[in-house]
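Here the structure is laid out as structure tokens; the discussion comes afterwards.
Only the coordinates and a few stated rules stand behind these numbers; no lab work does. Remember, it's a predicted structure, so these values are computed and weren't measured experimentally. Here the Cβ is made from the backbone with ideal geometry for all residues, glycine too, and neighbour counts use every protein chain on show.
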Amino acid sequence: MRRVAVIGLGLMGGSIGLAIKARKLPWEVVGYTRTPANGRRALRRGAADSLASTPAKAAEGADMVVYCAPVRTIPTLVRESLPGLSEGQVLTDVGSTRMFLESEIPAIVAGVGAAFVGSHPVAGSEQQGIDAARADLYERATVLITPIPKAPEAPISTVLTFWKKLGGRTVVISSRDHDRLLARTSHLPHMVASLLALTVGRVPGHEKLAAFCGSGFADTSRVAEGSPDVWLDIVRTNRSNLAEELRAYRTQLDRLLESLDEGDFAGVQHVLEAGRSVRRQLLAGKKGKRT
């Protein structure tokens, strides 16, 4: 591989470029962004070697094209890339939902012979934009690879190698399983964080509560700072799975409320102890190896 096109130079796309340079990978990075000021900052930071004026021009001659944009924007960017795409190229992305993209992109690129292999690095930040990009964003991050059924092995291998060279730990999974699992582990926590922030700040003058908000509130609500545009796309493309997880969360909340209403502090203690135990088990699992 000699050239990588990065379509979208925000946190995720900018971090790809920075990681390529920090790891001294012999790949030219051609970037595209709709915002010229972001492009200039990406060049200054070394996240791209050059900028293209359109997605198609960025894709010309690239061995791999990586789409780094809100999920529902990606198919549009792929269509805009078509004049620059050719047979043998590999396309991937960093989208947080997979079934939507799997249903859209293969049909778009079918006529040009480019192969689409979706991917989702489970990495990121509540911060946005090229200024938040960093070279180690993908270091030891799990990257979920979601090839379409019966996809050829060669492009899958290319995408696996790409993310491994950026420091990621790759896992191959179906798009359906991805969306079901990420609704629980990522999309539910984000919505809970947003609801928590709304609940704490539900009265006029809530800014005066700052002195009373400790690390517990800050840690628990941190991800609510994420881009509303990005997260609205995630919700729209995974709403049924997210709704199922929110109902499961509501069941737990209703049980806790019942314990409080009845003065059942043994029930409250069970929530606290079980929650601590399960959290420890979940996070201990992050130490497991990935291929």
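P(r) for the range 132-198, from all Cα pairs and a bin width of 10 Å, is 18, 35, 34, 11, 2 %, short bins first.
The count of lysine pairs in the chain with alpha-carbon distances below 19 Å, taking only pairs 8 or more places apart or on different chains, stands at 8.
P(r) for the chain: what percent of alpha-carbon pairs falls in each 5 Å bin, starting at zero? Percent of Cα pairs in each bin: 1, 5, 11, 15, 17, 16, 12, 8, 6, 4, 3, 2, 1, 0. What the Cβ-Cβ distance of A110 and R2 gives, at R0 = 25 Å and to the nearest 0.05, is a FRET efficiency of 0.50.
From largest to smallest, the equivalent ellipsoid semi-axes obtained for the range 177-287 from the alpha-carbon gyration tensor read 23, 22, 15 Å.
Once C-alpha pairs closer than 8 Å and six or more residues apart are averaged by separation and normalised to the residue number of the range 3-173, the relative contact order reads 24 percent.
Between K164 and D131, the simple spin-label model (points 7 angstrom out along Cα→Cβ) gives 3.8 nm. Against the chain, whose longest principal axis comes from its Cα atoms, helix 228-237 is set at around 90 degrees.
Annotation: extensible slack from A266 through D63 equals 67.1 nm (criterion: 0.36 nm per residue apart, minus Cα-Cα distance).
So how do 268-279, 168-179 stack up, highest first, on mean other-Cβ count within 10 Å?
On the way: 268-279: 11.2, 168-179: 18.4.
In decreasing order of mean packing, 268-279, 168-179 become 168-179, 268-279.
Against the longest alpha carbon principal axis of the chain, how many degrees, from 0 to 90 and to the nearest 10, is the axis of helix 153-165 turned? Helix 153-165 sits at roughly 70 degrees to that axis.
Projecting the Cα atoms of S194, V278, Q252 onto the charge dipole of the range 177-287, computed from C-beta unit charges around the Cα centre, puts V278 farthest toward the positive end.
For helix 99-109, report the angle its Cα long axis makes with the longest principal axis of the Cα atoms of the chain; keep it between 0 and 90° and round to the nearest 10°. That helix lies at roughly 10 degrees to the long axis.
Listed by Cβ neighbour count within 10 Å, with the fewest neighbours leading, K21, K286 appear as K286, K21.
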